[in-house]
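One structure is given below, encoded as C-alpha cells.
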Amino acid sequence: MRCNPMLFLLFLMLWGCGEHTIPKPKAMLRLEFPNGEYKEYSKEGCEFGFAKNELSFITSKNDCSMVLDYPMMKGSIYLTYKPVNSNLNTLLTDAQRLSYEHVVKADNIIEQPFINTREKVYGMFYEVTGNAASQSQFYVTDSINHFVTGSLYFYAKPNYDSIYPAAVYLQKDIRRIMESLHW
C-alpha cells in the first residue's frame, strides 16, 4: 500500500489546526488593604502620643524610640524621639541629611511641610519615589523641647513597582501619625 504524499500533508495540516493561543494581556496586581482603625497610643515616660493603626504592632526600646511593624505589608515605621537641648539646628540638619541620603537611588524626593499650630507640631514629610531603601521620611518638632523623626522601610529589596501599594498605605499612616501627634 503506497501512501500519497499530498494526502499525508493534508492530514498533518488538518490535525495541526486547532485553537490558536494568544498571549494574556498585561495586568497589574491589585492589592487591597483593610481600612485602618486608629487608637491613641502613648508610652509611659515618653512626652508624646499619637494615633496608632491597630494593624501595626509596636516594639519599644528603652528610650522613647519605637518601631511600628506592619507584618501584612512586610514594612515598618521607625520612630525616634530626641529632646531638644539647644541642638535644634543639629537635629534638623541630621533629619534632612538622612532624607537626602536616598537621592542616589530615588527618582524624586517630594518635600511636604507640616504645620499644626494648635498642638505646636511643625515638620516636614519626604515622599521618596523610585527604588530607594526608604519610601518616606519625616520629622516633627515643637522647636523648643521635642523632636521626633520617622522612616519607612520594607523587608525586601527595593522594587518601587512592587511595594507601591503598601508604600502609599503606610505613607497615609505616617501622615496620620504626624496629624495626631501631641506633646
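Every number in this text was worked out from the coordinates using simple rules, so none of it is lab data. Remember, predicted model here, so these are calculated numbers, not experimental data. Here the Cβ positions follow ideal geometry from the backbone for every residue, glycine too, while neighbour counts run over all protein chains shown.
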Exercise. Report, ordered by the first and then the second residue, all pairs with beta carbons closer than 6 Å, sequence separation of six or more or different chains, a first member in segment 104-120 that is without any contact (Cβ under 8 Å) to a residue 60 or more places away in the chain, and a second member that is aliphatic (A, V, I, L, M) and outside any strand (DSSP E or B).
Key: K105/A132; A106/A132
Quiz prompt | Count - residues of segment 51-67 that are without any contact (Cβ under 8 Å) to a residue 40 or more places away in the chain and either within 18 Å of L98 (Cβ to Cβ) or over 17 Å from the mean Cα position of the chain (by Cα) (or both) | solution = 9
Exercise. Would you confirm whether any residue within segment 48-60 is touching a strand residue (DSSP E or B) at 6+ places or on another chain (Cβ under 7 Å), aliphatic (A, V, I, L, M), over 20 Å from D142 (Cβ atoms) and part of a strand (DSSP E or B)?
Key: yes
